[in-house]
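Student: Just dropping this structure here.
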Amino acid sequence: MIECRNIKKTYGEGGDASTQALKGVTFSVKDGEFVAIMGPSGSGKSTLMHIIGALDTPTSGEYLIDGKNIASFTDDELADIRREKIGFVFQAFNLLPRATVLRNVMLPLLYDGVPEEERKSRAKKALKAAGLDEEHFGHLSNQLSGGQMQRVAIARALVNNPAIILADEPTGNLDTVTGEIVLDTFQRLNEEQGRTIVLITHEPDIAEHAERIIHVKDGLIVKDGKEHVRRRVHHK
């Protein structure tokens, strides 16, 4: 699914003005894995997230999705990868505040020219998979709680049926209890639907919801393993 081979990323022109964000990172993520990439601020995890999400390219090394090296891809081809292969969930939700829940989730399908009835059907299916009650589908997104908004964002990420869900600090704007509920949603998507999930976080208790944790520090992987017991909270 995902393979990073000796990924390096340098920002700046060289010399003292340059910053080496990644210094040679190698790992792979298989279909159906739930992986957390964890590290403190400045560790390189955000740079790695941008590369995994095809939002940036490495300075050197290889990044492959489904065995294809994306280094030679055009901007349009990279945009296709982001739209078709990867569903993004961000800390800030990024919903349209004066659009309904259903329309927020339907929006990515509009860009693909999907007919309206199919857009509605797929959006409802994605919202149910994300654990949002149907009574909220007609609400404006700014009428929802933070946890509900993040579930809408998860549904929007699911609606194109991507192979990978890439979640960047998805509980950063949520209280602890609500964050647990959102993380439980990711666990359900992984366990019941076999979704591949890559979770970016700086918090150990968040990372422990994954089945594998990749620890990043100073641009390098310092630990990669399944050495903890996965928590199964399953809130309703």
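Student: Scanning segment 58-81 for residues that are buried (at least 16 other Cβ atoms within 10 Å of the Cβ) and in contact with a Phe, Trp or Tyr (Cβ under 8 Å, 6 or more places away or on another chain), which turns out nearest to residue 23 (Cα to Cα)?
Tutor: Once the filter is applied, the top-ranked residue is 70.
Student: Looking at (1) in contact with a Cys (Cβ under 9 Å, 6 or more places away or on another chain); (2) on the phi > 0 side of the Ramachandran plot, which is the only condition residue 42 fails?
Tutor: (1)
Student: Follow-up question, since we're still on this one. Only residues that are farther than 16 Å from residue 86 by Cα and among the aromatic types (Phe, Trp, Tyr): list them for segment 1-49, please.
Tutor: 11, 27 - these are the residues of segment 1-49 that are farther than 16 Å from residue 86 by Cα and among the aromatic types (Phe, Trp, Tyr).
Student: Which residues, counting only those in segment 98-107, are surrounded by fewer than 21 Cβ atoms within 10 Å (Cβ to Cβ) and touching a strand residue (DSSP E or B) at 6+ places or on another chain (Cβ under 9 Å)?
Tutor: 98, 99, 100
Student: Same structure, new question: Those residues that are touching a residue at least 24 places away in the same chain (Cβ under 8 Å), surrounded by fewer than 21 Cβ atoms within 10 Å (Cβ to Cβ) and hydroxyl-bearing (Ser, Thr, Tyr), I need them from segment 108-160; list them, please.
Tutor: 111, 145, listed by residue number.
Student: What is the one condition in (1) part of a loop (DSSP other than H, G, I, E, B); (2) at pLDDT 95 or above; (3) within 17 Å of residue 1 (Cα to Cα) that residue 138 does not satisfy?
Tutor: (3)
Student: Any chance you could count how many residues in segment 181-224 are assigned to a helix (DSSP H, G or I) and polar (S, T, N, Q)?
Tutor: Residues flagged as assigned to a helix (DSSP H, G or I) and polar (S, T, N, Q) within segment 181-224 amount to 4.
Student: Under 8 Å between Cβ atoms, which residue pairs at least 6 apart in sequence (or on different chains) link something in segment 1-21 that is under 16 Å from residue 67 (Cα atoms) and polar (S, T, N, Q) with a partner that is buried (at least 17 other Cβ atoms within 10 Å of the Cβ) and at pLDDT 95 or above?
Tutor: From segment 1-21, the pairs are 6/25; 6/61.
Student: Also: Sort out which residues of segment 88-105 are out of contact with any Pro (no Cβ under 8 Å at 6 or more places or on another chain), on the phi < 0 side of the Ramachandran plot and among the hydrophobic types (A, V, I, L, M, F, W, C), and write them in order of number.
Tutor: Residues satisfying the conditions are 88, 92, 95, 96, 99, 101, 102, 105.
Student: Follow-up question, since we're still on this one. Out of (1) crowded, with 20+ Cβ neighbours inside 10 Å; (2) over 21 Å from residue 186 (Cα atoms), the odd one out for residue 87 is which?
Tutor: Going through (1) crowded, with 20+ Cβ neighbours inside 10 Å; (2) over 21 Å from residue 186 (Cα atoms) one by one, residue 87 breaks only (2).
The values are calculated or read from the model by the stated rules, or taken from the named source; none is laboratory data. The model shown is predicted, which means the values in this text are computed figures rather than measured ones. Heads up, the Cβs are rebuilt from the backbone with ideal geometry, glycines too, and the neighbour counts pull from every protein chain shown.
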